[in-house]
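What follows is a single structure, written as structure tokens, with notes after it.
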Amino acid sequence: MPSFYKYTFPLEAWQFYLVIGLGILMLLLAIWLIFQRKTKRRAWLRFPLYAAVILGLVIIGLQPQEKLPPLTQKDAILLTKQPSPSIFQQLIDSLGASTTIYTLDSSLNLSDKAEWIPNIDYLVAQNPTIHQLHLLGNGLPTHALGHLDRFNMVNHLNVPPSAFGEVYWNRQFRQGDTLFVEGTYYLEAEAKKQIQLKGAGRLIGQKSLKKGKNAFQFKTNIKESGRYVFDLELVEKQKVIQKESIPFTVYPLPKRNVLILLSQPSFESKFLKKWLAENDYGVAIRAQISKEKYRDEWINVERYPLSYVSKELLERFDVVMLDHQILLQLSEPEQGHLKTAVQNNALAVWSWLDEDLLDKDQKQAFFHPFTYPERSIEPKSKQQLYWKNQLSRPSLPISARSIKAGFNTEEMVKTASFHTQIAWKRAGLGKIANSLLGKTYLWQLQGESTAYAALWKYCLNELRSIYEEPNNWQIKENLPIAGQSLHFQYFSPQKKLQIDGISPKQVWENIPLAYTTSSGIYSGSIRLYEGGWHQLKAGNIRYDYYVYAADSWANKQIRQQVLTNQQALQKKHRTKLVEQSNQQKTRFRTIDLFWFYVLVVGGLFLLWAEAKF
């Protein structure tokens, strides 16, 4: 970059000399024009005017900058939460007692000279002479790290404390299901410590820790419904030194009603009916026993006419189970009612498939939405079944067909050779399930009642609507903290549903929760300022959720912040900022070119006036 005296020009060398050369040529041209005039009477005036105009044009083309003396650059100290007193004193001894000290925490009393600043932007704007910033304590919030690009950062952060890493558990589940608590704990120094889970007056599990990363998992079956808070404890020498809450809600098993429509009585329906009744399901059965004669049966459910599949009948049930033949016998209006209930009212339909009817059945694409390829298999072949990563001990006769699932489907039960026997597909708000298994009752006859119960419990749970409590509520935050925004979603097919908060000291950030028609989702956020249990209510359905006090999981939050700061300083501020600080030693001020524009315009005007008059 060319320079002259205390001025520099932001041009390449060839550009600089080109502007100077053009200026000289224009000046010579002006002199030649003056001597070519017939009258030399005002040559003394024209020459300085030409020179002034050309000088102004040259200065504008060069865009000179004035060199300024470099700022006296200095170090400063920035204190964040929990700075180390010993490291702070070492810095003061090294940098000098006059070193400027700033803090973002007004409660710190480490130094009387510390100046409180509201945010990092203020520090950047008000302190242009700071070259190197020494960061002490637990570090800055993530959003503030991007504002430190001008400084050469020096890391004096605390050592990340021993703390929990990610911890997960199922927050809502049904009575009789299993609570799973799993996560990691980072132990920074060798010590005889244990992680343990306690709840309901008993020790559920314990794990000894070693230095480094420790994974843990605890599980227990919860038999009673209600709201629970278990304790995840850190123990040293039989003394609890840290305790964190594990809250969850256990919902009672719902009273679910099942309608079974059969073309003829079967052993499969007989044993299933008995199992459903023993497990407190409401069951209504209509079985055809002759050409125009049916047998109706009601168990744990109010009697209602079953002769016609009407809209009113279907509103009383959560699941309809029917065989292939009876589906073909339903009238068009009955099939229409069934489709509407699936799509709009979240009904689940289970169809037992008949291999002999599959190729003849071309009109039931809604209820039979899969493809059913044949495969090479021995007649009456038996295989073990897989579902939900479980393998059944007993075998069952397997169909020579399989179900080929596609988009938006779920393969529920497979054979040991991985051929699907039961699958479901979403249809509107409800589900359509197809099954090639028609002899699960054999397990009951063989004394394998545990496998039988596990299979049917899994299948019926899979048919639950996504809108069924507790699945209809979701909260985005893994560890909701008091004072922070909590983001909710509520799934419901109902429009214009009133979502109410019934917790104290809450601030709604959007009222009501916004509704998305296409997906049936209400979404919004809420801010609460007290820890503990809280509730939201949608119609008659209530959702229990737990908010932690601001000081909960403190070491986890500190560890995460320290590590985030360390990574940011390592990636963004190690070499890059040193180069930036070196560039700041020489400063420049751009010359104001306004008066040079005035000089050019004024000179040209005077030349025009002199020639005219």
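Of the residues making up the range 194-218, those that are over 15 Å from residue 184 (Cα atoms), open to solvent by 20 Å² or more (accessible area, probe 1.4 Å) and not aliphatic (A, V, I, L, M) number 3. From the list 569, 606, the lone residue that is within 30 Å of residue 131 (Cα to Cα) and either open to solvent by less than 80 Å² (accessible area, probe 1.4 Å) or at pLDDT 80 or above (or both) is 569. Each residue in the range 255-278 was checked for being over 18 Å from residue 308 (Cβ atoms), in contact (Cβ under 8 Å) with a residue 40 or more places away in the chain and touching a Lys or Arg at 6+ places or on another chain (Cβ under 8 Å), and 2 of them qualify. Looking at the range 222-327, the strands (runs of 3 or more DSSP E) lying wholly inside it that each contain 2 or more residues that are open to solvent by less than 40 Å² (accessible area, probe 1.4 Å) and under 29 Å from residue 201 (Cα atoms) sit at 226-236, 239-251. Listed by position, the strands (runs of 3 or more DSSP E) enclosed by the range 422-499 that each have at least 3 residues that are buried (at least 16 other Cβ atoms within 10 Å of the Cβ) and modelled with pLDDT of 85 or more are 430-435. All of 402, 392, 307 fail the test of being of a type outside the set (Val, Ile, Thr) and touching a His at 6+ places or on another chain (Cβ under 8 Å), apart from 402. Of the residues making up the range 558-565, not a single one is at pLDDT below 90, of a type outside the set (Ser, Thr, Tyr) and open to solvent by 40 Å² or more (accessible area, probe 1.4 Å). Filtering the range 133-149 to residues that are surrounded by 17 or more Cβ atoms within 10 Å (Cβ to Cβ) and not small (Gly, Ala, Ser) leaves 133, 134, 135, 136, 138, 140, 145, 148.
Note on the range 112-216: enclosed strands (runs of 3 or more DSSP E) holding 3 or more residues that are without any contact (Cβ under 8 Å) to a residue 24 or more places away in the chain are 202-208. Note on the range 346-393: residues that are touching a Gly at 6+ places or on another chain (Cβ under 9 Å) and at pLDDT 85 or above amount to 9.
The values are calculated or read from the model by the stated rules, or taken from the named source; none is laboratory data. Owing to the predicted nature of the structure, the values given are computational and were not obtained by experimental measurement. Neighbour counts run over all protein chains shown; Cβ positions are idealised from the backbone, glycine included. To get the accessible areas, we keep the full protein, side chains included, count just its heavy atoms, and leave off ligands, DNA and RNA. Shrake-Rupley method; radii C 1.70, N 1.55, O 1.52, S 1.80 Å.
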